[in-house]
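Report on one structure; see the data block that follows.
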Amino acid sequence: MPQPTAGLETPAEPRAGSEFAPLLKAVKGQGLLDRRTGWYATGIVVNLLALGATITAMVLTGDTWWTLLLALPLSVFWARSAFIGHDAGHAQITRGKGAGRVVGLLHSDLLLGMSYAWWNDKHNRHHANPNHVDKDPDVGVGALVWTQRQAEQREGFARLLTRNQARLFFPMLLLEGIALKVYGFQDLKRQSPRERAVEAPLLIAHVAGYATLLLSVMSPGKALVFALVHHALFGLHLGMTFAPNHKGMEMPDPDDAGDSAWGHLRRQVLTSRNVHGGPLTDWFLGGLNYQIEHHLFPNMPRPHLRLAQPMVRAHCAALGIAYTETSLTDSYRQALEHMHEVGAPLRT
């Protein structure tokens, strides 16, 4: 089986005269594609200390329902780990793919029980063709659907789900934390023997370590409730991070020959939405609120995305390309409205 790709990189040599070439040259000239290894090292250490402090608090609180309150900070710091794994997959942290893979495996497989290889394979296909119904796995048919053509093919319980998918979206995110673990174990069958020999032990070690921690601190009943609440909050947090990015944005028609004429700039900008805000928004969303910049320059270090934004916005304005940016709450409104419209034909 082919090895999963290690991470998308910004096109180094766009074709002469392309719309993207001047922007790439300007961004490189500002050093915004240079690695920020020290910034990431500090962030990783701080996150690990926060995780350690939370686990220590769980042990000290002991076998009581009050320990459930610690599921919230644990889910937040787990999300920080997911963001680090995401950035490692995009080669944002280190130039060497080997070192980046180690960072990704430790944060994804060992800390979260989420397969790094599965995520990279899926996420890189998304980056290559965002919002393309035939090529982007994030808008493929699953529990939710993203086009009315997909909705028309739903039957039985899936049809009922699609009719109400906008209302059910956030409740369904509560299951995402557990689903991510399931997807990872399922993906082991797709992986090469070499990849599987690394990921399988790490995933098993995570499950064993997580269960040991909870059962050594709490009774089995409380441990089960804690695990469910923790994974529900974790899934909700990740879903709230990724939902604003593309849902309700341009979706290239696979039957439209004009789609093939889109260059890298238009393909990434027109299908993506930014969320404006300050440092707190950047922290909560892991820098993915600069979705346009992230898609244009997948290996740009997270702290540079904000710096690149004025250059990207100005370049798009000069070319007459729509640059979409909104508030966090309005991004959710737009995403939910799109899901509601997709299910509209099934409600008539």
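The values are calculated or read from the model by the stated rules, or taken from the named source; none is laboratory data. It should be emphasised that the depicted structure is a prediction, and the values quoted were computed from it without experimental measurement. Here Cβ is always computed from backbone atoms with ideal geometry, including for glycine, and neighbour counts include all displayed protein chains. Quick note on the areas: whole protein, heavy atoms, side chains included, nothing else; ligands and nucleic acids left out. Shrake-Rupley method; radii C 1.70, N 1.55, O 1.52, S 1.80 Å.
Structure notes:
- Residue in region 237-248 that is part of a helix (DSSP H, G or I), under 28 Å from Thr94 (Cα atoms) and open to solvent by 60 Å² or more (accessible area, probe 1.4 Å) present: yes
- The single residue among Arg313, Arg306, Arg267 that is modelled with pLDDT under 95, surrounded by 14 or more Cβ atoms within 10 Å (Cβ to Cβ) and in a helix (DSSP H, G or I) turns out to be Arg267.
- Ala6 modelled with pLDDT under 95 and either assigned to a helix (DSSP H, G or I) or closer than 19 Å to Asn120 by Cβ (or both): yes
- Annotation: of all residues in region 326-337 being open to solvent by 60 Å² or more (accessible area, probe 1.4 Å) and of a type in the set (D, E, K, R), the one that is farthest from Leu144 (Cα to Cα) is Arg333.
- Qualifying positions in region 62-75 - closer than 12 Å to Lys222 by Cβ and either in contact with a Leu (Cβ under 7 Å, 6 or more places away or on another chain) or among the acidic types (Asp, Glu) (or both): Asp63, Ala71
- Residue that is touching a Gly at 6+ places or on another chain (Cβ under 7 Å), in a helix (DSSP H, G or I) and either among the aromatic types (Phe, Trp, Tyr) or farther than 28 Å from Ala88 by Cβ (or both), where the choices are Glu337, Glu341: Glu337
- Test: residue in region 176-185 that is at pLDDT 95 or above, open to solvent by 70 Å² or more (accessible area, probe 1.4 Å) and among the basic types (Lys, Arg): no
- Region 326-344 residues that are at negative phi and among the β-branched types (Val, Ile, Thr), paired with ones that are in a helix (DSSP H, G or I) and open to solvent by 50 Å² or more (accessible area, probe 1.4 Å) (beta carbon under 8 Å, 6 or more apart): Val342/Gln148
- Look at region 53-80: where a residue is over 14 Å from His230 (Cα atoms) and a partner is assigned to a helix (DSSP H, G or I), sitting 6+ places away or on another chain with Cβ atoms under 6 Å, you get Ala57/Leu70; Val59/Val217; Thr61/Thr67; Arg80/Asn47.
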